[in-house]
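> There's a structure below that I have some questions on.
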Amino acid sequence: MPTIPQPARISTSRAVIALLVQQMEDALGDDWTGQIANPTPFASDQESETYAWLSEVPKLREWLGGRQAVGLSESGFTIRNRKFESTIEIAVDWMRRDKTGQIRQRINELADADRAHWAELLTDLIIAAEDTVCYDGQYFFDSDHPDPSQGTSATQSNDLTYDSVSVTVPTTVEFVAATLSATKALLKMRTEKGRYLNAGAKRFTLMVPVDFMDVAAAALGATVIADTVSRTNTIQVLATLGGFGYDLVINPRLTWTTKFALFRGDRNAQALIRQQEQATQVSAIAEGSELEFQKDVHQYGLKAIRGAGFGRWQHSALLTFV
């Protein structure tokens, strides 16, 4: 009878730490985090960072009567760093006896927790965005962001609605139309000086809760869609003729039942910001420690200091079926 290979035992703290570091380096977690959230252009080194947000440069104008210099106004926002940890305790005897790779699995899960953390922070931010103020003094997802380029009372909205027969079960036709409505809203976003901020946008990230995964996949991927009649999927036509592309993110952390979010995915200044004061560190209390002597266990822990915040609201839109 052939011998069943056994997983290599992890019997020392050095082996545990090496495996944990390797697992953390092998993957970057939910890959959508980099599509919608910039890392800060500098290393944070304090409890919170305040960002000076300068207004946009003016459009080119015909040179009539000399140059007309336009000053840059300044607003700001602050992102606070928070300290996070995850620690496990392993009995020394378990390490010695482990033949089935259970310790390896637990170490892998600890690395997974670190990889998923940015997604958790950003999802919390997205869910709170309808009730949290961003740099212009309005909620991040809001229907009345100021539009100074069009007058003192003009506004623009990234908090959209779309009429559907069922708010929780929209049809594929409705979902295509709603996605295009959100795309149009992003393409029309203006800066303080009237320049179209997303005029060159081609790549978007469509984020949906799990309950919308099937209809969102059909809306983005089906060549033909139908309700009472069959028709060509306009999203596919735009991909062919205009080079527009959508990345689908199915986010199980979202609590929405009637909403989805659309983000611009091809811009350096993105909708959200990831701030890191200290990258994830691995620590251990292991061989020769008082903990081992007293309790015959080892402890392995992760520590990170980081935060997340709102960037440009003009690069994202929330759509609610009504």
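Rule-based calculations on the coordinates, nothing more; no lab input. All of these numbers come straight from a predicted model, not from anything done at the bench. No Cβ is skipped: glycine too gets one built from the backbone with ideal geometry, and neighbour counts run over all protein chains shown.
> Can you tell me the equivalent ellipsoid semi-axes for segment 137-289? Use √(5λ) from the Cα gyration tensor, largest first, whole Å.
Gyration-tensor ellipsoid for segment 137-289: 32, 25, 16 Å.
> Something else now. For segment 132-264, what's the relative contact order in percent, using C-alpha pairs closer than 8 Å and at least 6 residues apart?
Worked out over segment 132-264, it gives 24 percent.
> So in the chain, what percent of DSSP beta bridges are antiparallel if you round to the nearest 5?
Given both bridge residues lie in the chain, the antiparallel proportion sits at roughly 75 percent.
> Contour minus end-to-end for residue 149 and residue 165, with contour as 0.36 nm per residue of separation and end-to-end as the Cα-Cα distance?
Between residue 149 and residue 165, full extension yields an extra 2.1 nm.
> Related question: In deg cm²/dmol, rounded to 500, what helix-only [θ] at 222 nm does the chain give when every DSSP H run of at least 4 residues adds -39500 (n - 2.57) and the total is split over its residues?
-8500 deg cm²/dmol
> So what's the net charge close to residue 178: Lys and Arg +1, Asp and Glu -1, counting the other residues with Cβ under 13 Å from its Cβ?
Within the 13 Å Cβ shell, the charges total 0.
> Calculate the FRET efficiency for residue 278 and residue 15 from the Cβ-Cβ distance with a Förster distance of 30 Å, rounded to the nearest 0.05.
E(calc), rounded to 0.05, equals 0.75.
> Something else now. If you add up the charges near residue 209, with Lys and Arg at +1 and Asp and Glu at -1, over every other residue whose beta carbon is less than 14 angstrom from its beta carbon, what do you get?
So the environment of residue 209 carries a net charge of 0.
> OK, next. Between [x] 18.9; [y] 25.0; [z] 17.0, which matches mean projected area of the Cα convex hull in nm² calculated for the structure shown?
Calculated mean projected area of the Cα convex hull in nm²: the matching label is [y].
> Still on this model: May I ask which residue of 77, 199, 212 lies farthest towards the positive end of the charge dipole of the chain, with charges of +1 (Lys, Arg) and -1 (Asp, Glu) on Cβ and the Cα centre as origin?
199
> Using the Cα centre of segment 194-322 as origin and beta-carbon charges of +1 (Lys, Arg) and -1 (Asp, Glu), tell me which of 315, 283, 304 is placed farthest towards the positive end of the dipole.
315
> Now a separate question. Which whole-number percent gives the relative contact order of segment 121-200, counting Cα pairs below 8 Å spaced six or more residues apart? Walk me through the intermediate numbers first.
Details: 86 pairs, mean separation 15.8, N = 80.
For segment 121-200, the relative contact order is 20 percent.
> Dipole of the chain, Cα-centred, from +1 at each Lys and Arg C-beta and -1 at each Asp and Glu C-beta, to the nearest 20 debye?
My answer is approximately 860 debye.
> Working out 0.36 nm times the residue gap between residue 294 and residue 82, then minus their Cα-Cα distance, what length gain in nm do you get to one decimal? Let's see the in-between values first.
Working: separation 212, 0.36 × 212 = 76.32 nm, distance 3.22 nm.
Contour length minus the Cα-Cα distance gives 73.1 nm.
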